[in-house]
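To start, the structure itself, in structure tokens.
The values are calculated or read from the model by the stated rules, or taken from the named source; none is laboratory data. Just so we're clear, the structure is a prediction, and the values are computed from it rather than from any experiment. All Cβ positions, even for glycine, are placed from backbone atoms using ideal geometry, and neighbour counts span all protein chains on display. Quick note on the areas: whole protein, heavy atoms, side chains included, nothing else; ligands and nucleic acids left out. Shrake-Rupley method; radii C 1.70, N 1.55, O 1.52, S 1.80 Å.
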Amino acid sequence: MIWPLLTDDQWLSGHFLFNWAHAMKNYLLLFTLAIAMPAHAQKPSDAPLGSTVFAAPSSAIERLTLDQAWRIAEQANPQLRAAEANMQTVEGQLTDAKGLLWNNPQIATDQLRRRAPLPGGTTQTFPEWTLGLSQTFEIAGQQGYRRRAAELDLDATRESIAEIRRRVRAEVELRFARVLTLQHRIEIEREALKFVEDAATAVKKRVAAGEDSRLDGNLASVEAERSQNQLTVLNEQLIDARSELAALLQLPPTNFPEVSGIIEVTSAGYTLESLLATAADRAYLRSLDYRERAAQNRLDLERASVYPDVTVGLTTGRDGPGDARERFNMLSLSVPLPLFKRNAGGIGRARTELTQTQIEKEAATRDIQAQVRTLWLRLNSLRTRVTRLSDSVLPKLNENQRLSTTSFRAGEIGLLQLLVVNRQLLDARRDYLDALAEFVQARIALEQAAGGSANAGVK
């Protein structure tokens with residue numbers, strides 16, 4: 001908002017102050033309507049319902065939208081990329097487990113030259129050779145347990161990737177919303193600074209003309225410096241917020257992204273019961289369920305490994321000297337006796353893995369349910385706070401500003417009282433925007449804890 005340059009007479013008449021109050025009131029009304037009106041941006045199919053919606057940039061400067069930030073994060077985020085790379089491991093394990101047999105066949109051969117004495121004191125050298133093939137067979141169903149465990153590990157990894165992707169998206173939205181909130185805060189502070197600087201300039205002229213005291217001039221100057229300091233602090237916070245967002249998106253070190261959008265606050269499209277039902281089917285809990293079942297199959301595999309494997313071999317060869325050479329074929333069968341080593345270590349490790357997974361699943365189920373309930377209460381409290389600020393506090397402060405402007409014009413109050421009223425209105429606008437930011441953060445955390453909006457069917 002651009003303020004025109006004013007003459008001293010305009011300031012003395014108080015006409016500008018009245019117009020400024022009216023303009024600030026209209027701006028606040030438009031800002032509130034912009035926040036309350038639902039944006040018509042299309043959400044991606046896997047985004048939580050009620051997520052922060054951002055409109056297209058209106059200026060010529062290209063700014064980052066939330067959809068663009070999500071796409072960049074899914075392609076570049078190190079945590080997500082590492083999780084997706086882990087798929088190669090579990091897919092390879094499943095390929096091995098799906099083989100016809102777990103043990104590879106073994107082939108063995110040997111050749112030798114034997115020297116045998118003959119009558120007359122001579123010797124004869126003749127070759128002998130053997131060729132054998134053997135195969136070890138599992139007889140207690142180990143192959144089925146191993147294959148099923150590998151399949152469940154693959155399913156668990158897929159669900160883990162889905163959970164990490166959702167967490168990354170939520171983190172991106174949180175940092176995106178913080179950058180957007182700070183940008184709005186800076187706009188408010190710049191408008192306030194412009195008003196205070198114009199007021200300070202006018203008061204200095206009136207002090208120079210002897211119409212106001214030096215106290216009024218000092219008050220105006222101090223107020224201008226306070227506004228400038230607040231704007232500087234917000235700019236520093238914005239730099240940090242943009243840096244954090246750039247790091248999350250793995251943007252170049254010199255890229256501090258600006259964002260574009262409107263924070264949308266709407267009534268909840270879900271109930272606590274629907275959120276709890278969705279949380280029970282969250283990708284993280286599904287991953288733990290797959291891990292528990294895979295651990296159970298590994299325990300069954302270790303128990304089955306107590307039974308000895310059977311090795312069957314077939315050997316052929318030739319031996320003997322001269323005319324007495326023979327061709328032979330031999331079938332062999334070997335079974336180790338499980339007298340001393342009965343795989344106690346493997347069974348113990350498998351039991352530990354199963355127990356730890358069960359404990360983690362039970363704790364996660366309880367914590368997620370409690371987190372959803374806590375965030376639900378916080379979200380309702382924040383909604384009440386936002387409503388109270390917009391419906392009760394801001395209208396009264398707008399009325400105070402109108403009354404103070406009228407009184408200042410009539411000479412009933414001085415600059416100090418006018419600045420106090422304007423400061424209260426500015427603080428209320430800050431509180432309102434902060435409450436909106438906290439509301440968005442709580443909603444993102446709630447939907448992340450629930451695994452997505454129940455109405456949207458996101459999992």
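Yes/no matrix, rows are residues, columns are (1) open to solvent by 70 Å² or more (accessible area, probe 1.4 Å); (2) in contact with a helix residue (DSSP H, G or I) (Cβ under 9 Å, 6 or more places away or on another chain):
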position	(1), (2)
85	no, no
88	yes, no
92	no, no
96	yes, yes
inquiry  = Can you tell me which condition residue 102 does not meet? The list is (1) free of Cβ contacts under 8 Å to residues at least 24 places away in the same chain; (2) outside any helix (DSSP H, G or I); (3) under 21 Å from residue 300 (Cα atoms), and all the others hold.
reply    = (1)
Residue count, region 267-311 (criterion: modelled with pLDDT of 90 or more, part of a loop (DSSP other than H, G, I, E, B) and more than 16 Å from residue 347 (Cα to Cα)) = 4
key: Hey, residue 280 surrounded by fewer than 19 Cβ atoms within 10 Å (Cβ to Cβ) and either on the phi > 0 side of the Ramachandran plot or in contact (Cβ under 8 Å) with a residue 12 or more places away in the chain (or both) or not   = yes
key: From the options 381, 404, residue that is part of a helix (DSSP H, G or I), modelled with pLDDT of 90 or more and not charged (D, E, K, R)   = 381
query = Of everything in region 73-121 that's aliphatic (A, V, I, L, M) and closer than 30 Å to residue 317 by Cα, which residue is modelled with the lowest pLDDT?
reply = 118
message = Any residue at all in region 264-272 that's open to solvent by 30 Å² or more (accessible area, probe 1.4 Å) and under 28 Å from residue 360 (Cα atoms)?
response = yes
Filtered residue count, region 120-161, keeping only those that are open to solvent by 50 Å² or more (accessible area, probe 1.4 Å) and either in contact (Cβ under 8 Å) with a residue 60 or more places away in the chain or not in a loop (DSSP other than H, G, I, E, B) (or both) = 15
query = Quick one: in region 312-360, which of the residues that are modelled with pLDDT under 95 and charged (D, E, K, R) is farthest from residue 101 (Cα to Cα)?
reply = 323
task = Only residues that are of a type outside the set (S, T, N, Q) and over 14 Å from residue 293 (Cα atoms): list them for region 337-355, please.
result = 337, 338, 339, 340, 341, 342, 344, 345, 346, 347, 348, 349
inquiry  = Residues to consider are 159, 171, 244, 189; find the one that is closer than 19 Å to residue 437 by Cα and touching a Ser or Thr at 6+ places or on another chain (Cβ under 7 Å).
reply    = 189
query = Counting just the residues of region 241-261 that are small (Gly, Ala, Ser) and within 17 Å of residue 70 (Cβ to Cβ), which one comes out most open to solvent (accessible area, probe 1.4 Å)?
reply = 247
ask   = Hey, residue 194 hits all of (1) modelled with pLDDT of 90 or more; (2) open to solvent by 10 Å² or more (accessible area, probe 1.4 Å); (3) over 30 Å from residue 87 (Cα atoms) but one; which does it fall short on?
value = (1)
